[in-house]
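Heads up: the structure comes next, in structure tokens.
The values are calculated or read from the model by the stated rules, or taken from the named source; none is laboratory data. Keep in mind that this is a model prediction, so the values were computed, not measured. Here the Cβ positions follow ideal geometry from the backbone for every residue, glycine too, while neighbour counts run over all protein chains shown.
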């Protein structure tokens, strides 16, 4: 019998193989880890590349439109915290992250730190002893939007992943993380 965790890992493994076949590329082992890790990506980057920093790009509150309400499983119009951050290390941007946070589902004492945006999500979950799990929803390659082109100074394709953080069977956050396809190759080490 295959456990649910192994089934998810097998699906992610299959998704990576599918992208590699469709795009005619081969992901590095580091890229595969960053795309499939269900824990803190900043902790992995700290180990691989030295201490990384989080820079808050933008944050604001907005009512959930129908799409946001659907992927967070909240009521349309509910106030959602929107935050964009850049993980930076070795003198350059490494990963862009866009998060939608249902603050009303988070511990009240964590609200200020979540809104501030300067502490990585994984460290906040640990700091506030939030028992949660991450569930990767998709991995894909996309063309960069204007924000990504400006931040990373490139027009190359980006590798992205979407995941949710679930606590008490409720989605508290959805995050999209992206990096240029040439990043985190074995040559980059």
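Worth a mention:
- Selection within region 169-187 - in contact with a helix residue (DSSP H, G or I) (Cβ under 9 Å, 6 or more places away or on another chain) and free of Cβ contacts under 8 Å to residues at least 60 places away in the same chain: 180, 182
- Screening residue 110 with (1) touching a strand residue (DSSP E or B) at 6+ places or on another chain (Cβ under 9 Å); (2) surrounded by 15 or more Cβ atoms within 10 Å (Cβ to Cβ); (3) at pLDDT below 90 gives one miss only, at (1).
- Subset of region 9-37 (residues that are surrounded by 15 or more Cβ atoms within 10 Å (Cβ to Cβ), over 18 Å from residue 182 (Cα atoms) and either at pLDDT 90 or above or touching a strand residue (DSSP E or B) at 6+ places or on another chain (Cβ under 9 Å) (or both)): 12, 15, 37
- Options 121, 95; residue that is within 29 Å of residue 183 (Cα to Cα), at pLDDT below 90 and buried (at least 17 other Cβ atoms within 10 Å of the Cβ): 121
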